[in-house]
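Inspection log for the structure reproduced underneath, given as structure tokens.
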Amino acid sequence: MKYTYIPQGVCSTKVDFEIEDGVVKNVSFLGGCNGNLKAISALVEGMPVDEVTKKLSGISCGMKSTSCTDQLATALKKAVEKSSEGAGSESQQ
């Protein structure tokens with residue numbers, strides 16, 4: 001299923017991703033540190049959601065209490081929660 005998440009407290013303004021059978025696919029960020037976020041997207045491609053959230057949760061950026069990767073972990077957790085609640089929407093925030 002495809003998801004869109006609007007991150008809070010970071011430079012990126014949108015994260016699009018898919019989850020298929022518990023696996024992360026097609027992550028793309030709008031804004032933020034382009035090269036780093038492309039690298040993160042490539043690294044998490046094909047990884048189980050649980051593994052990605054475990055590795056990326058709690059990472060900060062500079063003086064911020066969160067980061068684009070922490071926000072991706074948050075987005076993935078929320079998407080899994082929504083899908084387990086039976087939400088049929090294609091776009092989750």
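The values are calculated or read from the model by the stated rules, or taken from the named source; none is laboratory data. Please read these numbers as outputs of a predicted model, since none were measured by experiment. Methodologically, a virtual Cβ is constructed for each residue, glycine included, from the backbone with ideal geometry; neighbour enumeration extends over all protein chains shown.
Out of segment 1-46, which residues are in a strand (DSSP E or B), β-branched (V, I, T) and free of Cβ contacts under 8 Å to residues at least 60 places away in the same chain? I'd like the intermediate steps shown before the answer.
Let us first name the residues in segment 1-46 that are in a strand (DSSP E or B), namely 2-5, 14-20, 23-30.
When the remaining residues are screened for being β-branched (V, I, T), the result is 4, 15, 19, 23-24, 27.
Those that are in a strand (DSSP E or B), β-branched (V, I, T) and free of Cβ contacts under 8 Å to residues at least 60 places away in the same chain: V23, V24, V27.
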*Take the residues of segment 1-21 that are touching a Phe, Trp or Tyr at 6+ places or on another chain (Cβ under 6 Å) and more than 11 Å from Q71 (Cβ to Cβ): which is surrounded by the fewest Cβ atoms within 10 Å (Cβ to Cβ)?*
Y3
*Is it the case that segment 80-91 has a residue that's within 19 Å of K2 (Cβ to Cβ), touching a helix residue (DSSP H, G or I) at 6+ places or on another chain (Cβ under 6 Å), surrounded by fewer than 16 Cβ atoms within 10 Å (Cβ to Cβ) and not β-branched (V, I, T)?*
no
*Inspect segment 52-65 for any residue being out of contact with any Gly (no Cβ under 7 Å at 6 or more places or on another chain), within 18 Å of S83 (Cα to Cα) and not in a loop (DSSP other than H, G, I, E, B) and give the result as yes or no.*
yes
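Could you check segment 22-63 and list, in sequence order, the residues that are among the basic types (K, R) and either surrounded by 13 or more Cβ atoms within 10 Å (Cβ to Cβ) or at pLDDT below 95 (or both)?
Kept after step one, since they are among the basic types (K, R), are these residues of segment 22-63: 25, 38, 54-55.
Passing the criteria: K25, K38, K55.
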